[in-house]
Structures are given as structure tokens and as C-alpha cells.
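Novice: Would you mind keeping the following structure in view while I ask a few things?
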């Protein structure tokens, strides 16, 4: 508007030019705007209802504090207003991308599943590509034409009036939802959207060594974009079920082995099952006490994304029998007499 009404231009209007300039000076100046917001009708260079304020006697008090006409500036983008006044070039608007939403799900796996890569089929309810129109939103052989409302830009200009002032803002085209194109004959199944809510089974690779709390990303496995738009991503949060024998800390495994008092006192060997269900033999030294921990190298969880494995730690626990036979009682009595 300032360019349009500049006095040096053909058809210019000095009075209008001054009005536009003064409006800009007040709205864009933090102190003047604050003074106006606080006092309403009194601020530098303008008096409500007074002559010579540059606005032809317009009463600015109607904008303040809900008084007078009570014009509402909430939701107004003043950046777009100043661009509309001509004080800066309007930025180039790109079409909004109709990218599908990302999805997040929780998946539980067994501790044993972390020993090697495996695939898991996961059923997901999501917006998926329409099979009938293959995501285009149009019936077969139907033309995809330029949106008549936005002329293919994806944006329309919305005009708002506040008393004697008129402002304009750019907004996503409600007709084509920002795509710039609409099907001449919408798909009968998805009604032109190119996607439908349905259940899909997605095959996901769970990598070796994954741990609780880790999140895996599957590119393009989220919700389908509208009318062929890019699909979102799927994020999988891993939870590992508790194991009846082994507990995990990092890539190390921990287990407890119950042994009889005689074995702890005299020493010997015990057989243990690893997480892979393989037998290993552990030598128990003479005089081992309850709580003694043995480290078995390389029998833990494989490192995520790398070589090697964690370790297995086995804690000895001397088991106290709940019931004793007469012979056992007699033997323990003898040991008791010997000071054991």
C-alpha cells in the first residue's frame, strides 16, 4: 500500500501514504505499541478522536481493552500484515507437504531374542495407502486437475476486516488442503484422500543386542501421506520381558546357582545352562562361601552394532534344606560335634 500511494508515483495519495506510514510506525515500535496497549487513546503522534493524528480523526480507543467497538487482534499475524502493507516483499510460499504422521509402538521381546537378528511381524492400525486408487485419490483414468481455488499454489489469501482496516493473510487452501491439485473424480473407496484406516502387518528387523528403552526407526512405515504424499516413519520402543533365571545389566548377564553345603565345603563341579541352553561346567573351589561370584567371559549378550559379547556372572548361594532325613540329621550332629 505504501508503494501504491507513494506521492512520487502516478495516482499517489500523500494523505493515505502518511496514514499508512504512521500506522506502521506505531505497530512496529515496541514502546509505542506498549504505550498504546496501556493507555489506548494517548500515544505519541496520535490522540483518540483528535484532529491531525494522521488517521482522519479515527478513534483508536476502540482497539484497547475491549472498549468501544472492541476489535479483536487475537490470532492476527502482524508479520503478514506488514508484508501486505508493502514494507517488505512477500516470502515465497511452498506447498504444504502432505506427509503422513509418524507412529510409535511398544514391542515386547524375550531376552533370548537379543542373541541374534530376527524378524517380527507387527500388526498396526494406521492410515494406509488406498489399494483401489493406489494412493492417488482418483478413480482409474480420472484426471488430476489444478485446484481452481488456489490455482495450484496450495495457498489462498484470507481477508480480515477490523473496523476501517482490512488485513490479509496467507492460509492453506481449504479446497485441496494445500496440495494444489484435486481429482476430477474422487476414488469411491477413500473418497479422494488416497488412504484408508486399516490394519497392516509390518515385518520389522530386531537387531542383535537390542536393549529395553532403545527405539528403532523404520523409514516410511508410518501413516501414508494424503494423495500419494510421503509416508511417516514408525518408531518401535523395545521392552524385554523378565527372564526366570538371568537378569541383564548392559550386555552382562547375572544368575544365581544354588549349591549344597557339602559342595561348598569340599569343592567340586556344577553344570549350568547358558541363555542359549548350552551346558557349561563351573568349578567350585573348596571352602566357597555363599555370595561368591564367578565371571564367565563371553557368555553375556552380544554387543549392539559391534563385535564381542558381555560376560556371565554367577553368584553361589548355599542352599539350606527345609527337611532332613534321620540319616542326614545324624550326620549333621556328628559334624556339629566336630565343630563344623
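Novice: If you go through the range 309-319 one residue at a time, do you hit one that is in the same structural domain as residue 262 (by TED's automatic domain parsing) and loosely packed, with under 10 Cβ neighbours inside 10 Å?
Specialist: no
Novice: For residue 172, are the conditions met, namely being surrounded by 13 or more Cβ atoms within 10 Å (Cβ to Cβ), more than 14 Å from residue 226 (Cα to Cα), within 27 Å of the chain's Cα centre (by Cα) and modelled with pLDDT of 80 or more?
Specialist: yes
Novice: Could you grab me the full set of residues in the range 120-148 that are over 21 Å from residue 225 (Cβ atoms), at pLDDT 80 or above and part of a loop (DSSP other than H, G, I, E, B)?
Specialist: Within the range 120-148, 148 is the sole residue that qualifies.
Novice: Name the single residue, out of those in the range 257-277 being in contact (Cβ under 8 Å) with a residue 24 or more places away in the chain and farther than 30 Å from residue 334 by Cβ, that is surrounded by the fewest Cβ atoms within 10 Å (Cβ to Cβ).
Specialist: 276
Novice: When you scan the range 150-169, how many residues do you find that are buried (at least 17 other Cβ atoms within 10 Å of the Cβ) and at pLDDT below 80?
Specialist: Count: 1.
Novice: In the range 219-281, which strands (runs of 3 or more DSSP E) lie fully inside it and hold 3 or more residues that are closer than 26 Å to residue 116 by Cβ and at pLDDT 95 or above?
Specialist: Values: elements: 234-240, 247-249, 252-259, 268-273.
Answer list for the range 219-281: 234-240, 247-249, 252-259.
Novice: Quick one: count up the residues across the range 124-145 that are exposed (fewer than 15 other Cβ atoms within 10 Å of the Cβ), more than 33 Å from the chain's Cα centre (by Cα) and touching a residue at least 24 places away in the same chain (Cβ under 8 Å).
Specialist: Going through the range 124-145 one residue at a time, the tally reaches 2.
Novice: Which members of the range 215-234 meet the condition of being loosely packed, with under 15 Cβ neighbours inside 10 Å and farther than 19 Å from residue 125 by Cβ?
Specialist: 215, 217, 219, 230
Novice: Related question: Could you go through the range 116-139 and let me know if any residue there is out of contact with any strand residue (DSSP E or B) (no Cβ under 7 Å at 6 or more places or on another chain), closer than 30 Å to residue 248 by Cβ and not assigned by TED's automatic domain parsing to the domain that holds residue 20.
Specialist: The answer is yes, given that some residue of the range 116-139 is out of contact with any strand residue (DSSP E or B) (no Cβ under 7 Å at 6 or more places or on another chain), closer than 30 Å to residue 248 by Cβ and not assigned by TED's automatic domain parsing to the domain that holds residue 20.
Novice: Same structure, new question: When you look at residue 237, is it farther than 30 Å from residue 177 by Cα and surrounded by 16 or more Cβ atoms within 10 Å (Cβ to Cβ), yes or no? I'd like the intermediate steps shown before the answer.
Specialist: On the way: farther than 30 Å from residue 177 by Cα: yes; surrounded by 16 or more Cβ atoms within 10 Å (Cβ to Cβ): no.
No: the conditions fail for residue 237.
The values are calculated or read from the model by the stated rules, or taken from the named source; none is laboratory data. Everything numeric here is computed off the predicted structure, so don't read it as measured data. No Cβ is skipped: glycine too gets one built from the backbone with ideal geometry, and neighbour counts run over all protein chains shown.
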